[in-house]
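Each remark here refers to the structure printed beneath this line.
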Amino acid sequence: MPGPTVYPELNAVLEDLVSSVRAVLGDNFCGAYLQGSFAVGEADEHSDVDFIVVTHGEVTHEELVALQAMHARIFRLASPWAQHLEGSYVPKDLLRHVDPGHTQLPFLDNGATELVLDDHCNTAVVRWVLRKHGVALAGPDPASLVDPVSPAPLREEALRMIGTYVDWAHEGAMNRWKQPYLVLTLCRILHTLQAGVVASKRESAEWALDALAPEWTALIQRALDDRPDPSGRYYKPADPEVEARTLEFVDYASTYARVRSGARQGGS
């Protein structure tokens, strides 16, 4: 039987993760799922491995202590995939609907060895992707755990995220990983604002090549072409001219989002 991904080594790590989580949570375990790039079909050997573990109730203190030890052990596995797991533990009642309170959940960041409280995965986007494309590692169909996510909360969330990325763009020096990531992520946010659905970064960038002003075509295409080995670019500074152009695109995207959002509200 084929595994959840095309990478046997990753499948082995995921099997270890799920069996270990089930052992810790016992009856509190509901399901485990892939979301993100491995769910939407855009993952490659450099992708983060985005997961969601659904629990029947809150993770207890005792369970959290055991999960911390388990994640530290998995991080030490010989496979590089073990160092690129990223995901959260979500009670099924909270997962059902978009959470306006942005409740913080036990979250494992990419490259981290321990869980911290964060609302990183508690988003409309994650729920939309999980319901539409989630890959079940164990447990029921994810569509049975998440109610349909309408365009309105996706657009509201996208508009908030624009501000977050504008701030991040101006924080510190820009490296050769951050620069294309910014461009592609902003394309994805703008696409969600326009269409009210979630597309992959590549699909969103291809939309942007047609939908946005032609002056940004070269920058967007460069970001698409710059994908191979993104982690190797993390410690290399971005080209100064490309960085400057990217910051101009950030401002353009912010203005585009406000104008489109205002036009939509004015027409409603």
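Within the stretch 1-23, residues that are farther than 14 Å from Ser79 by Cβ and of a type in the set (A, V, I, L, M, F, W, C) sit with their Cβ atoms under 6 Å from residues that are open to solvent by less than 60 Å² (accessible area, probe 1.4 Å) and modelled with pLDDT of 95 or more, at 6+ positions apart or across chains, in these pairs: Val18/Ala32; Val18/Leu137; Val18/Ala138; Val21/Val53. Consider Leu25 carefully, then state whether it is within 23 Å of the chain's Cα centre (by Cα), among the aliphatic types (A, V, I, L, M) and part of a helix (DSSP H, G or I). No. The residue that is nearest to Leu117 (Cα to Cα), counting only those in the stretch 62-91 that are out of contact with any strand residue (DSSP E or B) (no Cβ under 8 Å at 6 or more places or on another chain) and in contact (Cβ under 8 Å) with a residue 60 or more places away in the chain, is Ala82. Considered as a group, the residues in the stretch 76-118 that are open to solvent by 50 Å² or more (accessible area, probe 1.4 Å) and more than 20 Å from the chain's Cα centre (by Cα) include one that is nearest to Pro140 (Cα to Cα), and that residue is Asp93.
If you go through the stretch 162-181 and pick out every residue that is part of a helix (DSSP H, G or I), more than 20 Å from Phe38 (Cα to Cα) and open to solvent by less than 50 Å² (accessible area, probe 1.4 Å), you end up with 7. With respect to (1) within 15 Å of the chain's Cα centre (by Cα); (2) under 24 Å from Thr60 (Cα atoms), the lone exception for Ala124 is condition (2). Of all the residues in the stretch 233-268, those that are at pLDDT 95 or above, of a type in the set (Phe, Trp, Tyr) and either crowded, with 19+ Cβ neighbours inside 10 Å or outside any helix (DSSP H, G or I) (or both) number 1.
Only one residue in Asp27, Asp16, Asp44 is touching a helix residue (DSSP H, G or I) at 6+ places or on another chain (Cβ under 7 Å) and either crowded, with 17+ Cβ neighbours inside 10 Å or of a type in the set (D, E, K, R) (or both), so which one is that? Let's see the steps before the verdict.
Details: Asp27 fails: touching a helix residue (DSSP H, G or I) at 6+ places or on another chain (Cβ under 7 Å); Asp44 fails: touching a helix residue (DSSP H, G or I) at 6+ places or on another chain (Cβ under 7 Å).
None of the other options fit; the residue is Asp16.
The sole residue among Ser204, Ser200 that is modelled with pLDDT of 95 or more, closer than 27 Å to Asp119 by Cβ and under 16 Å from the mean Cα position of the chain (by Cα) is Ser204. Counting only residues that are touching a Pro at 6+ places or on another chain (Cβ under 9 Å), surrounded by fewer than 17 Cβ atoms within 10 Å (Cβ to Cβ) and β-branched (Val, Ile, Thr), the stretch 53-75 holds 0 of them.
Among the strands (runs of 3 or more DSSP E) contained in the stretch 59-154, which hold 3 or more residues that are among the hydrophobic types (A, V, I, L, M, F, W, C) and closer than 20 Å to Leu17 by Cβ? First the steps, then the outcome.
Values: elements: 85-91, 105-108, 116-118, 135-138.
Those strands (runs of 3 or more DSSP E) span 105-108, 135-138.
The values are calculated or read from the model by the stated rules, or taken from the named source; none is laboratory data. Just so it is clear, the structure is predicted and the values come from calculations on it, not from any experiment. Reconstructed Cβ throughout: ideal geometry from the backbone, glycine too, with neighbour counts over all protein chains shown. Surface areas here come from the heavy atoms of the whole protein model, side chains and all, with no ligands, DNA or RNA. Shrake-Rupley method; radii C 1.70, N 1.55, O 1.52, S 1.80 Å.
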